[in-house]
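Please read the structure below before turning to the comments.
The values are calculated or read from the model by the stated rules, or taken from the named source; none is laboratory data. Since this is a predicted model, take the numbers as computed values, not measurements. Heads up, the Cβs are rebuilt from the backbone with ideal geometry, glycines too, and the neighbour counts pull from every protein chain shown.
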């Protein structure tokens, strides 16, 4: 398969970063006219963020399910994430206002997010027979050999910047 890395690798992101999970749950599937605008707002934001790397998004990947959609995002900093979320001249704030006007707390659609601040040495990864994925898309890949062969060594390498 194209893009598969046929050895053990791990991902490292220099310095602290933010793992941001955001999701949508369709509570009333029979109301597509209600949730369709929500589904079209996020791609616009992702395009905007991809065109402006200085805003701080390192990588994003969407996972689709029957009722739930999850967007996993890696950000350079919490300050950049919050600045984007509240910027009047970016796509998020108008989309959030539109969501609240159209759906609010009606129960038709659920929205959630979780934010994790990750310091160096507080996250590790391993990928075998995988293309670049997850943290590997947000950071760089290193061979998972020597000290990086085990989770503890990967944490130490990330913390020490090696």
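All conditions but one from (1) free of Cβ contacts under 8 Å to residues at least 60 places away in the same chain; (2) touching a strand residue (DSSP E or B) at 6+ places or on another chain (Cβ under 6 Å); (3) surrounded by fewer than 18 Cβ atoms within 10 Å (Cβ to Cβ) apply to residue 50; the one that does not is (2).
Among the residues of the range 56-65, just one is more than 10 Å from the chain's Cα centre (by Cα) and surrounded by 14 or more Cβ atoms within 10 Å (Cβ to Cβ), namely 56.
Within the range 1-13, restricting attention to residues that are part of a loop (DSSP other than H, G, I, E, B) and in contact with a helix residue (DSSP H, G or I) (Cβ under 9 Å, 6 or more places away or on another chain), which residue is nearest to residue 110 (Cα to Cα)? Quick ask: steps written out before the conclusion?
Our first condition is that a residue be part of a loop (DSSP other than H, G, I, E, B); within the range 1-13, this holds for 1-4, 6-8, 13.
Next, from what is left, pick out any that are in contact with a helix residue (DSSP H, G or I) (Cβ under 9 Å, 6 or more places away or on another chain): 8, 13.
On the way: 8: 38, 13: 31 Å.
In this case the residue turns out to be 13.
Checked against the criterion of being in a loop (DSSP other than H, G, I, E, B), closer than 30 Å to residue 31 by Cα and at pLDDT 90 or above, the candidates 122, 90 yield just one match: 90.
Just for the range 66-87: of the residues that are farther than 10 Å from residue 24 by Cβ and surrounded by fewer than 16 Cβ atoms within 10 Å (Cβ to Cβ), which one is nearest to the chain's Cα centre (by Cα)?
Result: 77.
Among residues of the range 31-47 being under 14 Å from residue 67 (Cα atoms) and out of contact with any helix residue (DSSP H, G or I) (no Cβ under 8 Å at 6 or more places or on another chain), the one that is surrounded by the most Cβ atoms within 10 Å (Cβ to Cβ) is 35. Look at (1) surrounded by 14 or more Cβ atoms within 10 Å (Cβ to Cβ); (2) within 30 Å of residue 38 (Cα to Cα); (3) in contact with a helix residue (DSSP H, G or I) (Cβ under 8 Å, 6 or more places away or on another chain) and you find that residue 123 fails only one, number (2). Of all the criteria given as (1) in contact (Cβ under 8 Å) with a residue 60 or more places away in the chain; (2) touching a strand residue (DSSP E or B) at 6+ places or on another chain (Cβ under 9 Å), the one not satisfied by residue 6 is (2).
Answer yes or no: is there a residue in the range 52-68 that is assigned to a helix (DSSP H, G or I), out of contact with any helix residue (DSSP H, G or I) (no Cβ under 7 Å at 6 or more places or on another chain) and not assigned by TED's automatic domain parsing to the domain that holds residue 139. Yes, the range 52-68 has at least one match.
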